[in-house]
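Take a look at the structure set out below.
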Amino acid sequence: MPRVSEFNCGGDEQRKSAGMNVAICLAMLADLPAGGAAGNLTMLLPLLLIPVLYLVMIRPQQKKQKEWQAMLGSIKTGDRVTTAGGIRGIIISVKDDAYVIRVAPDNIKLEVSKSAIASVTTENGAGA
């Protein structure tokens, strides 16, 4: 195998086709065997990436899901809620898997699924 220093990867006379030369040089360099330490690091990179992905993506989502479940568990009659569809109303009764809310201005009663509740505002005005 030729060494990296033996490749002519472009010179002053070849400036017109510099983009093609870069692509050819990268293709030639990719064909070279990896060094000892760099090869081991390359093999360990996916294993090191898994904990980083867990801390950056999965853990915050689990925390948010846990907070949402706690919010749903604390809903009681009289709380103001907003559904995922944007409907705002006041809880008038709590069922096993749904809530009945009263929607202004005509005091329409709607039954919505528990999973449709996006946020809760209690009577004292604090938002969740």
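Identify all residues within the range 36-76 that are among the polar types (S, T, N, Q), over 21 Å from the mean Cα position of the chain (by Cα) and under 30 Å from Y99 (Cβ atoms); write none if there are none.
Here is the first cut: in the range 36-76, the residues among the polar types (S, T, N, Q) are 40, 42, 61-62, 65, 69, 74.
Still in the running and over 21 Å from the mean Cα position of the chain (by Cα): 40, 42, 74.
Listed by number, the list holds a single entry, S74.
Yes or no: A84 at pLDDT 65 or above and surrounded by 10 or more Cβ atoms within 10 Å (Cβ to Cβ)?
Working: at pLDDT 65 or above: yes; surrounded by 10 or more Cβ atoms within 10 Å (Cβ to Cβ): yes.
Judged against the criteria, A84 is a match.
So if I check each of M71, M57, M1, which one is part of a loop (DSSP other than H, G, I, E, B) and either modelled with pLDDT of 80 or more or out of contact with any His (no Cβ under 6 Å at 6 or more places or on another chain) (or both)?
Values: M71 fails: part of a loop (DSSP other than H, G, I, E, B); M57 fails: part of a loop (DSSP other than H, G, I, E, B).
On inspection, the qualifying residue turns out to be M1.
Which of the residues belonging to the range 109-128 are assigned to a strand (DSSP E or B), touching a Lys or Arg at 6+ places or on another chain (Cβ under 8 Å) and modelled with pLDDT under 95?
Selection gives V120, T121.
The values are calculated or read from the model by the stated rules, or taken from the named source; none is laboratory data. Quantities reported herein were computed from a predicted structural model and do not represent experimental measurements. For neighbour counting, all protein chains shown are included, and Cβ atoms are generated from backbone atoms with ideal geometry for every residue, glycine included.
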